[in-house]
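Data block below; observations after.
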Amino acid sequence: MDSEDDARDSADEDFYSGGEAGLALSDDGDADYDFADRDSDDSDDLISHRQQQNYSVLSETDIKQHQADDMNRVSTVLSISKSEACALLRSYNWSVSKVHDEWFVDEARVRTAVGLPEKQNEMPNERELTCGICFESCPRESMGAASCGHPFCGVCWRGYIGTAINDGPGCLMLRCPDPSCSAAVGQDMVDLFASEEDKGKYERYLCRSYIEDNRKTKWCPAPGCEYAVEFVVGSGSYDVSCGCSYGFCWNCTEEAHRPVDCSTVSKWILKNSAESENMNWILANSKPCPKCKRPIEKNQGCMHITCTPPCKFEFCWLCLGPWSDHGERTGGFYACNRYEAARQEGAFDDSERRREMAKNSLERYTHYYERWAANQSSRQKALGDLQSLQNDKLEKLSDIQSQPESQLKFIIEAWLQIVECRRVLKWTYAYGYYLPDHEHAKRQFFEYVQGEAESGLERLHQCAEKELQIYLDADCPSKDFNDFRTKLAGLTSVTRNYFENLVRALESGLNDVGAHSGQGACSKAVSSNSKNLGGKSKSSKNKAPGGASKSGSSTRGMDDGNIWACDQCTFANPRSARSCQVCDHQQHR
């Protein structure tokens, strides 16, 4: 164990011994590490990619402000009241552009559909009017009417509006109580006649309508969260992060799941909860009682099985025959000559084949699910550790190391990166489960880069967890704390870059790998794609699956009369090619 620790420490020292960002340099001056490609153009692209945010988080105040702004715009452009503008926007799912388009194409049709008369009709100019609901004669000042002019008393209006509001969000499309009239009853009438309690309910329905009917906005699906998210549709990634720190996919509202698409997530979640896996387990690990057909699991003991009451049938586990036909002459309690003879004759081929297929399917699913769940568990623990660090540990570390908390933000950034990488790594296992078996090159390369990602993340996690604890337990400022800062910040940076490249490669379907075929091509694809994901790597220490080297050294040695190796991505190209078939880099002659 000591030698392993020394070797790990030595590797870390080599990695952080040179360069401004703490990267060790190889003989040719290039960064020699699996996670980070130090090409300046790639780095700029990554920074630009991270800075793009195609959504905004809205609080209740923001929602009401957006809503008021939209109503003001429509009211100003169309020269109508705000109440009428609100009715128009609700009818067209709060789309200002659609309201304008429809209105200027056919104003009369829109008015009829929404319930906005072209002319505001006043109530009859009489001292007393008859209410159309209770038929009582009431003074004109106690009556009220919508834009249609049909008069109803205040008591009836209050009951009509209150009943509609208590019935639910349908009150937002309320019409005149007169059966022959379709005039809209807007927010101005609600404000005039409804009780304070009903006004509050109406405002909440209106607020929810702005989010739920608008195609650009959605509520955060986290339990208890009251934030909404406004999204620029068609602008790249669907992953958003709410103000409550919950990340989710805008398209399917499941938790954020890059690099896996929504259909794969849907299938994976369904599979995790489906009864089919229970049936697979039963088929793979049990046999039906020959008499009552109930499934029985044998987890220990001999081949003599007794079914549970009321069946109580005794039979042989191997051949499923009655135990009365068994004994010393058939092989005893732990063998069955009848079964062996029957199997050689092919009597059990179909059932055994089905059981073996179910067992293999179950083992494969279990392999991916356990690792998916393990990373989910690790992510939850990392979130807890991050919360603990923010609540008290950061302040404690600041006191011990005599440094302001503003200088310790690199630790928070490291933990946030760990949480994000755990999420990405978790979903790569769902990606791997649905990766077609016949695409051997893609699967081989995927498993290789996934393993590299997991290895790098574990290094970062260990540094942020165990090595940080040393400084938290210290009694006085440590001389090497700045070295720890450099190491953790460097690991955070290169891990972020590697995972961002990994996500984009998986989202593209590993197209570069799909362009090749065969074992040798897979080796070349691993070489070229590993540069795209993480730059040059240490070919002398690790091998990719199937004997593919982690660096381009495996192809450099192939530069004979028929093949030349690309200087940029190390792909082995045929001599006739003028430029690299992978990266289009020109051949140097």
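The values are calculated or read from the model by the stated rules, or taken from the named source; none is laboratory data. Quantities reported herein were computed from a predicted structural model and do not represent experimental measurements. Reconstructed Cβ throughout: ideal geometry from the backbone, glycine too, with neighbour counts over all protein chains shown. Ligands, DNA and RNA are stripped out before the accessible areas are found, and what is left, the full protein with its side chains, is counted by its heavy atoms. Shrake-Rupley method; radii C 1.70, N 1.55, O 1.52, S 1.80 Å.
Return the pair list, or none, for Cβ contacts closer than 8 Å from residues in segment 62-85 that are at positive phi to residues that are aromatic (Phe, Trp, Tyr) and not in a helix (DSSP H, G or I), at least 6 apart or on different chains.
Going by the 8 Å Cβ cut-off, there are no qualifying pairs.
With segment 199-272 as the region, which strands (runs of 3 or more DSSP E) entirely inside it contain at least 1 residues that are open to solvent by 40 Å² or more (accessible area, probe 1.4 Å) and either of a type in the set (D, E, K, R) or on the phi < 0 side of the Ramachandran plot (or both)?
217-219, 228-231, 239-241
Give the residue that is surrounded by the fewest Cβ atoms within 10 Å (Cβ to Cβ), with candidates limited to residues of segment 140-190 that are of a type in the set (A, V, I, L, M, F, W, C), assigned to a helix (DSSP H, G or I) and within 45 Å of the chain's Cα centre (by Cα).
Step by step, filter segment 140-190, then rank; the result is MET173.
Surrounded by fewer than 17 Cβ atoms within 10 Å (Cβ to Cβ), touching a Cys at 6+ places or on another chain (Cβ under 7 Å), at pLDDT below 85 and not β-branched (Val, Ile, Thr), is that true of ASN125?
No: the conditions fail for ASN125.
Name every residue in segment 467-514 that is in a helix (DSSP H, G or I) and in contact with a Ser or Thr (Cβ under 6 Å, 6 or more places away or on another chain), in order of residue number.
Once the filter is applied, which keeps residues that are in a helix (DSSP H, G or I) and in contact with a Ser or Thr (Cβ under 6 Å, 6 or more places away or on another chain), segment 467-514 yields only TYR471.
So for segment 386-408 (the condition being under 30 Å from GLN444 (Cβ atoms) and either open to solvent by less than 40 Å² (accessible area, probe 1.4 Å) or of a type in the set (D, E, K, R) (or both)), does at least one residue qualify?
no
Report, by residue number, each residue of segment 447-482 that is within 17 Å of THR495 (Cα to Cα), open to solvent by less than 10 Å² (accessible area, probe 1.4 Å) and not β-branched (Val, Ile, Thr).
The answer is ALA453, GLY456, LEU457, LEU460, CYS463, ALA464.
Which pairs do you get when a residue that is of a type in the set (S, T, N, Q), found in segment 437-450, comes within reach of a residue that is surrounded by fewer than 16 Cβ atoms within 10 Å (Cβ to Cβ) and assigned to a helix (DSSP H, G or I), reach meaning Cβ atoms under 8 angstrom, with the pair 6+ apart or on two chains?
Correct list of pairs: GLN444/PRO545.
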